[in-house]
Amino acid sequence: MLTRKQFELLAFIDKHLKDTGFSPSFEEMKEALGLKSKSGIHRLISALEDRGFLHRRPHRARALEVIRMPGEDGPRPGVTFSPNVIRGDFQKRLLSGVRAAAEAAGAVQLPLYGRIAAGLPIEALRDADATIEVPVAMLGGGEHYALEVAGDSMIDAGIQDGDTVIIRRTENADNGQIVVALVDENEVTLKRLRRRGNSIALEPANPRHETRIFPSDRVHVQGRLIGLLRQYD
């Protein structure tokens, strides 16, 4: 069952695709639903993907595909897709779309969205075609992605420039956890999160960098650090 907003967005995308032949922009979707920020659209799209109603076709900008509408049995004719993210209980199963060879080797392919200092919402990088192989043992339940670290702001936490961090997608985090934070809808940063009343402090792990403090409504958690990969020459 979909929420009202999820259904409204799905219906808008479906109509836009039929009328124009291409998917609407995030700005068009935001205006159509009367939302104040694009982050709400990102969350709705992710929810529709999780429920099997919508698919983002890889390697194409603004490429949304309606798999089915409520009341339709199964995917529409000609629609084919496989998930590009990993979810669920890894002790019991792996979702389809993960390479069989990786599964047999005890590893999965996660999307590698780009450098953490790229200055874009994580969702905007979702169609990137890069992936990285990650041991299943590093992951738990939930949805994951990888990011390449740029800069030395978290070096005292053992995170160096060029490292690849493994992120569990979540919108919640406890004080002191290292998170991927979206600031003002356009800047992504990897920092330690501290809540202080109605404010959020994003703390670096390097004395050469300053802690930044924002009103809580300007910061949205997009994931929590669960692991790190490093390649040595």
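Rule-based calculations on the coordinates, nothing more; no lab input. This is a predicted model, so every value here is computed, not measured. A quick note on method: Cβ atoms are made from the backbone with ideal geometry, for glycine too, and the neighbour counts reach across all protein chains shown.
Quick notes on this structure:
- Counting only residues at least eight positions apart within a chain, or on another chain, the lysines with an alpha carbon under 24 Å from that of Lys191 are Lys38.
- One chain, two ends: Ala201 and Arg51. Fully extended at 0.36 nm per residue, the span grows by 50.6 nm beyond their Cα-Cα distance.
- Working from label points 7 Å from Cα in the Cα-to-Cβ sense, the Phe12 to Gln231 distance is 4.0 nm.
- Separation between Cα centres of region 1-52 and region 172-233, rounded to whole Å: 28
- Counted residue by residue at 0.36 nm each, then reduced by the alpha carbon distance between them, the extension gain from Asp184 to Arg208 reaches 6.3 nm.
- Computing FRET efficiency as 1/(1 + (r/R0)^6) for Ser216 and Thr3, where r is the C-beta to C-beta distance and R0 is 30 Å, gives about 0.80.
- In this structure, Glu31 and Gln177 have a Cβ-Cβ separation that, at R0 = 41 Å, corresponds to a calculated FRET efficiency of about 0.75.
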